[in-house]
Every structure is written in C-alpha cells, then in structure tokens.
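The values are calculated or read from the model by the stated rules, or taken from the named source; none is laboratory data. These numbers were taken from a predicted model, which means no experiment stands behind them. Note that we place each Cβ from the backbone using ideal geometry, even for glycine, and neighbour counts take in every protein chain shown. Ligands, DNA and RNA are excluded from the accessible area calculation, which covers all protein heavy atoms including side chains. Shrake-Rupley method; radii C 1.70, N 1.55, O 1.52, S 1.80 Å.
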Amino acid sequence: MLSHKDNELLTRVGAGAPMGDLMRRYWIPAAFSSQIDKPDSPPIRVRLLGENLVLFRDSEGRIGLLSEYCPHRTASLFYGRNEEGGLRCVYHGVKFDVNGACLDVPCVPPGSNVKDKIKAVSYPCIERGDLVWTYMGPPEHKPEFPDLEWAHVPASHRFVTRHVQECNWLQGLEGGFDAAHLSFLHSGLVDMRKGRTDHDRRIVPSAYEVLPLDFGFVVAGGRELPNGNMSWHVDVMLFPFHKIIPSVPLGAHIWAPIDDENTMLYSINFNPERPLNDEEMEREFAWRGIHTKNLPGSDYAEANKSNDYLIDRDLQASGRSYTGVIGLGVQDCAMQESMGPIADRSKEFLFVGDAGIVRIRRLLLQALRDLADGKPLIGMDPRGYRVRSFRCEAPPDRSLEDICRERLSVEPAVAAE
Ligand code: FES
Ligand SMILES: [Fe+2]
C-alpha cells in the first residue's frame, strides 16, 4: 500500500505537481506525424500533462505546438487558419509562428507595436519513429532526444499504434511491470478441473528483482528450471514512462499522460534488422497482442470501458480464455481502468509478487526528491536508452546485475532519421 500523500505525488501530472514537473523534463510523444502530414494541413488538438494544445505544420514543414488558447482573448486556435508560415486565430486574426512569436495583429491600428509584446505558449517539437515529440519543461534543461532503438529503425521495420487508457498513467506503467499477472490475466487456457491450482502456481515467478540503472530500471521475474538454472524475463523501464518488451518481434510501450485520469498508450513492434513481414503484420491486425483495434477515426479502443471490453462470458466459462476478453492490450486496459481513474493505493493488500511494484514506486518517489533537491535526473544521457529487454537462462549464482551488464546494451543498427 501507499500513503494517500505519496499516491498523489506519483499520479498528479499537471504543471506544478511534482510528477508533472518531472515528466516535463523528458521528451513526450504528442501525436503521429501522419496527423499533420502536409505543410499548412489543418491543426489538430493535443492534450498532454493536463494542458490543451494545438499542433500544426507550417508552410515550410516546421512543426508548432501551441497552447490551444490564443493569448489575445483565449479563443481556441484549433479553429485557426494555418497559412503562410503561421497559425492565425479566426476570432480577431492574430497570427503566430511555430515558436509562438506573433507575426501579425490585423485588428489594431497601423503603427502599434503590440505584435512584439504578445506571444503564444509554445513547446519545441521533433519527429522520431513516426511520432511528433515535444519537450514541455524549462528550456535550459532540455535533454537530447533519447536513443530509443525502435525510433532509429526505418519505418518499415516498425508498427506503432496508440489508444486512450481511461485511467492514470501509473496504473498503466505498474501493469506493464507486473510480472505476476501474465499467467492469469493473459492466459489462454484454464485448467478446468475443480480445485486444481498447482498448474497456475507453477508458472508464477519465484524471484522478483528490480535493479535501478542510469536509464531507469529493469524488472526481472525469475523461475527455477528443472536443471537448477534460473530462467529470467527482464523488462526494461526507461525513464519516465517507457517499457521495452522482449517479445518477437521486439515491443515497446509509452504511457504518455493526457491528464491525471487519462493516458495515451503507444504500442510498438519492431525488428532492428529487417522490415516486419506479412505474417507478423497479419498477426498484429488480428488485434490479439499489445495493439488494440480502435473505433474508426478514434483513439478509443473498440472494446472499452463503456461496453465492458466486450467480455464474452461463454468464452470465459469454456476455459479457452481466462478472461473472456480478447487481446492482451484490452485485457490490461480492463484491469487497469477497473481500479478507477486514479487507483487508491492506500486500500491495497500487497503480496510477495508485488515487490517489484513497491520498488518501482520507491524509485519514482526518489526521482521526485532528486528533482526537488536539484540533483541530476535519471535518463538524461541519450545513449543510456540503447538497451533491450531480454529473456535468458543463467546459473543460479549469477547475479542479475552481471547478467544485465552483459545483455542489456545494444547499438542502434541504423542511424537516426
Ligand atoms: S482571441 Fe485570438 S485573435 Fe482575439
Ligand atoms: Fe499485461
């Protein structure tokens, strides 16, 4: 369990909240590049860390992310005209460039210098890995863009989707590193013999370790094998909201907070060496893995909270699915959202298998203290992100730290785009 105070500290992401300020020290995904694919294409709305913003691509292809509210009298710039190097508010015609500088104030008499005094709130943007990313923190602390392996590979080597999770970001992140749920929530087959539970127990990890590293931490679940070795499943957490998944093809998630009670979950599959093939793409388009099928033109999954994730009770009763809910991503969403918009962690009763979750919370609280104390933050070196999750077998006396030192690092195969 967690005190109410610590729960608030970890979950609130608005400007001025400790976690909100910490998140603002890192690059965060704002949208797909394809949503503003052409110069002067219509602006789109973006909500990030509790702020309403508009994203647009100007006539030269430069990207701007401005506060949605025009600094004149706060009308929405979403309705603006994107033309000739800037976004023009349609209320009184004031125009701004991608940096928020005012280019024109047609509603005042000639000779006025008000143009030089008014400025729109703007955040710098960069395009990487099919996404537009932004940095919303103090300009003097802007880090280099992290060397995420999946963002380095050519577009054909990766598949990126996103959907809204109707809950706080931490429920998503904790779910992503919850080693104990895999054999239950995502299990396809259930032993239907009454009273039989050994089956499930056998596949629960017997060791959990969380190892802090300079990019974030790794969470490892270990099982003893009949030959005496340990089988390790090592998941990488990159600060402040990334996960790398040791699947085939490799995977990744980003839990980008929309606000305190909503999160945009980005899901990625990628192959560092070759394009994803037809078979792999067909599998993804069956929507049974980490990607969810969304409602047409929407960031909301077809199976969502409002329809109980299309749970099929007959399927659940048949034993062919533990949940009766189809798709790993939807199953995760169902459980994480079912805890409420912001889980009340003061009401928890934790088990030994939750040790990793407890450790993660402590590390996040430590990061908040480091920020408050002006200490160096985790994950500021872009090269620290050149790591990959993995599974391996190792002798029982080999420490997780040694294993990670040998296995984690990866050089990006392809130069940044
Ligand atoms: S409110 Fe935007 S120009 Fe007046
Ligand atoms: Fe899961």
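At-a-glance table
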read-out: Tabulated pairs, the stretch 150-178, first open to solvent by 10 Å² or more (accessible area, probe 1.4 Å), second within 16 Å of ligand 2 (Cβ to nearest atom) and in a helix (DSSP H, G or I), C-beta under 7 angstrom, 6+ apart or interchain; value: 166/337; 174/357; 174/360; 175/332; 175/335; 175/336; 178/357
read-out: Test for residue 78: is it away from ligand 2 (no atom under 16 Å from the Cβ), open to solvent by 50 Å² or more (accessible area, probe 1.4 Å) and outside any loop (DSSP other than H, G, I, E, B); value: yes
read-out: Failed item in (1) touching a Pro at 6+ places or on another chain (Cβ under 8 Å); (2) closer than 11 Å to residue 120 by Cα, with residue 93 passing the rest; value: (2)
read-out: One residue from 330, 325, 236 being in a loop (DSSP other than H, G, I, E, B), open to solvent by less than 60 Å² (accessible area, probe 1.4 Å) and within 16 Å of ligand 2 (Cβ to nearest atom); value: 325
read-out: Of the criteria (1) open to solvent by 70 Å² or more (accessible area, probe 1.4 Å); (2) away from ligand 1 (no atom under 14 Å from the Cβ), which one residue 119 fails; value: (2)
read-out: Subset of the stretch 122-149 that is open to solvent by 20 Å² or more (accessible area, probe 1.4 Å) and within 21 Å of residue 45 (Cβ to Cβ) - its residue that is nearest to the chain's Cα centre (by Cα); value: 130
read-out: Criterion (hydrophobic (A, V, I, L, M, F, W, C) and either open to solvent by less than 50 Å² (accessible area, probe 1.4 Å) or outside the structural domain of residue 120 (by TED's automatic domain parsing) (or both)) met by exactly one of 90, 54; value: 54
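So that you can scan it fast, the table gives a plain yes or no per residue for (1) in contact (Cβ under 8 Å) with a residue 12 or more places away in the chain; (2) of a type in the set (D, E, K, R); (3) assigned by TED's automatic domain parsing to the domain that holds residue 330; (4) touching a Leu at 6+ places or on another chain (Cβ under 8 Å):
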residue: 64; (1), (2), (3), (4): yes, no, no, yes
residue: 67; (1), (2), (3), (4): yes, no, no, yes
residue: 75; (1), (2), (3), (4): yes, no, no, no
residue: 102; (1), (2), (3), (4): yes, no, no, no
residue: 107; (1), (2), (3), (4): yes, no, no, no
residue: 115; (1), (2), (3), (4): yes, yes, no, yes
